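Everything below concerns the one structure shown next.
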Amino acid sequence: MKRSADARTGDRPVVLRPVGEDNRAAILALELMPEQQGFVASNVDSLEEAGEDDEAIARAVVAAGRVVGFLMYSAPEDDDEAIIYRFMIDRREQGKGLGRAAVARVLEEIAQLGHIRRVSICYEPDNEAARRLYAGFGFVETELDEDGEMIAVLELSSK
């Protein structure tokens, strides 16, 4: 079987795991760089939101058996658009290709749902790292939302 270069970093496969009691503490221990603090909601807030929102799909980003990041998205069955609205990689794990691998994995997971044709993501306009990362996957910036965040959209290829 051919390995996906987008979802691996060297010999460290990146996988997404559902959030549960086995990884919740590790997700809560993840940290951002100080200059990234304002770019994404805290994992405490995100996990609380996931517990209250039936459409929230929360995932631990795992590499080499360790939780290295967190993401959350929604993909309602009655809609053809998924929205990735939380994504972070721990500050100690950044710069290793894990973010790129995690985005590749979540896009694979979303595409496998079958009903999604478009994926959107939003980020702070000043977050140049996010802008470059998502543009590398083909996300196209469309507009600022009501909170001043940039919305970027990726049209999934129909198969």
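The values are calculated or read from the model by the stated rules, or taken from the named source; none is laboratory data. Computed from a predicted model, the values in this text were never measured in an experiment. Note that each Cβ is placed from the backbone with ideal geometry, even for glycine, and that neighbours are counted across all protein chains shown. Ligands, DNA and RNA are stripped out before the accessible areas are found, and what is left, the full protein with its side chains, is counted by its heavy atoms. Shrake-Rupley method; radii C 1.70, N 1.55, O 1.52, S 1.80 Å.
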Rg and Dmax of region 60-119, Cα atoms only, in Å: 12.5, 38
Evaluated over region 108-155, the Cα radius of gyration and Dmax, each in Å: 11.4, 33
Where does the chain land at 222 nm, in deg cm²/dmol rounded to the nearest 500, when only DSSP H runs of n ≥ 4 count, each adding -39500 (n - 2.57), divided by all residues? -6500 deg cm²/dmol
Largest to smallest accessible area among Ser74, Ser42 [probe 1.4 Å]: Ser42, Ser74
Report ³J(HN,Hα) in whole Hz for each residue of region 152-157, in order, from the Karplus equation J = 6.51 cos²θ - 1.76 cosθ + 1.60 where θ = phi - 60°; Gly and Pro get x. 10, 10, 10, 7, 7, 6
Can you list the residues, at least 5 places off or on another chain, whose amide H is less than 5 Å from the amide H of Tyr85, using H built in the peptide plane? Met72, Tyr73, Ser74
In Å², and per residue, what accessible area does the chain have when probed at 1.4 Å with the other protein chains present? 56 Å²
Label selected from [x] 14.9, 45; [y] 21.6, 81; [z] 15.5, 49, the criterion being Rg and Dmax of the Cα atoms in Å as computed here: [x]
Just going by the charge dipole of the chain, with Lys and Arg at +1 and Asp and Glu at -1 on Cβ, which of Met72, Gln112, Gln36 is farthest out on the positive end? Gln112
Got the relative contact order for region 28-159 handy, in percent, Cα pairs under 8 Å and 6 or more residues apart? 19 percent
Debye, to nearest 20: dipole size of region 1-122, +1 on Lys, Arg Cβ, -1 on Asp, Glu Cβ: 1040 debye
Ignoring ligands, DNA and RNA, what percent of the accessible area of region 14-154 is carbon or sulfur (1.4 Å)? 47 percent
Output wanted: per-residue J couplings in Hz (rounded whole) for region 115-121, from phi through Karplus 6.51 cos²θ - 1.76 cosθ + 1.60, θ = phi - 60°, x for Gly and Pro. 9, 8, 10, 9, 10, 10, 8
Given Cβ point charges of +1 (Lys, Arg) and -1 (Asp, Glu) and nothing else, what value in debye, to the nearest 20, does the dipole of region 54-116 about its Cα centre take? 800 debye
